[in-house]
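**Q** Have a look at this one.
Just so you know, all these numbers are worked out from the coordinates, no wet-lab data involved. Treat the numbers as computed from the prediction; the structure is a model and nothing was measured. When we count neighbours, we look across all protein chains shown, and the Cβ atoms used for this are built from the backbone with ideal geometry, even at glycine.
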Amino acid sequence: MKKAIVPLLSTIICIGAFSVDALACSCGPPPGISQAYLDADAVFLAKVKSVDTSNEYVIRSNLLVIQSWKGASEPNVVTEALTGCCPCDFNFTKNAFYIVYADRPEGSSAGEPTYHVSSCGRTTMLDTPEMELEILNALKKKVEGGATE
């Protein structure tokens, strides 16, 4: 009986290990600043005002837009991250500052201040982003002037 239990336990442990790996988010390197800027619906600098985890399925983060390079004309925006199904959704930390590269959820209109942010993108907490801020300022001028890469 003991000999039968050991292989069974080994199989269960292996299946469990592979299941965890299957749920992990697997990303390649993030896109370059120019490509991420062109691909995103909105690019902005923001402070996280609140993170609401009260819903079992969705984490909603309320962000104060400090500077917008593209989209995000509203002073406050919301990001939604699904829990359980989408390990690549980005989760914010309250009171932290971020450079955000965001997309509008499918089916939303341009007037809705709700966005989706992926952990596979360029969104990053603001530590030393001086170079990225300079590049974003230059990209905005370039795109507004009609030039594209």
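**Q** How fast does segment 33-144 diffuse by Stokes-Einstein, in µm²/s, taking the Kirkwood radius from C-alpha pairs at 20 °C and 1.002 mPa s? Walk me through the numbers on the way to the answer.
**A** On the way: Rh = 14.1 Å.
Value of D from the Cα-based Kirkwood radius: 152 µm²/s.
**Q** How many nm separate the modelled label positions at Glu130 and Ala96, each set 7 Å beyond the Cα in the direction of the Cβ?
**A** Here the answer is 2.2 nm between the modelled labels.
**Q** How much length is gained if the chain between Ser34 and Val78 is pulled fully straight, taking 0.36 nm per residue apart and subtracting their Cα-Cα distance, in nm to one decimal? Show your work: numbers first, answer last.
**A** Details: separation 44, 0.36 × 44 = 15.84 nm, distance 2.40 nm.
Using 0.36 nm per residue and subtracting the Cα-Cα distance, I get 13.4 nm.
**Q** What residues qualify as long-range amide H neighbours of Thr83, i.e. H under 5 Å apart, gap of 5 or more or another chain, H built at 1.01 Å from N?
**A** For Thr83, the qualifying residues are Val58, Ile59.
**Q** How many percent of DSSP beta bridges within segment 33-144 run antiparallel, rounded to 5? Kindly include the intermediate steps, with their values, before the conclusion.
**A** Working: 26 of 28 bridges.
Rounded to the nearest five, the antiparallel share is 95 percent.
**Q** Moving to a separate point now. Could you order peptides 48-59, 95-106 by the average number of other Cβ atoms within 10 Å of their residues, highest first?
**A** On the way: 48-59: 12.9, 95-106: 17.9.
Per-residue mean Cβ counts within 10 Å order the peptides as 95-106, 48-59.
**Q** Another question, then. Can you classify segment 22-79 as rounded, prolate or oblate using the Cα gyration tensor, where a ≥ b ≥ c are the square roots of its eigenvalues, rounded means a/c under 1.5, and otherwise it's prolate if a/b beats b/c and oblate if not?
**A** Values: a/c = 2.67, a/b = 1.04, b/c = 2.57.
Oblate, because a/c is 1.5 or more while a/b does not exceed b/c.
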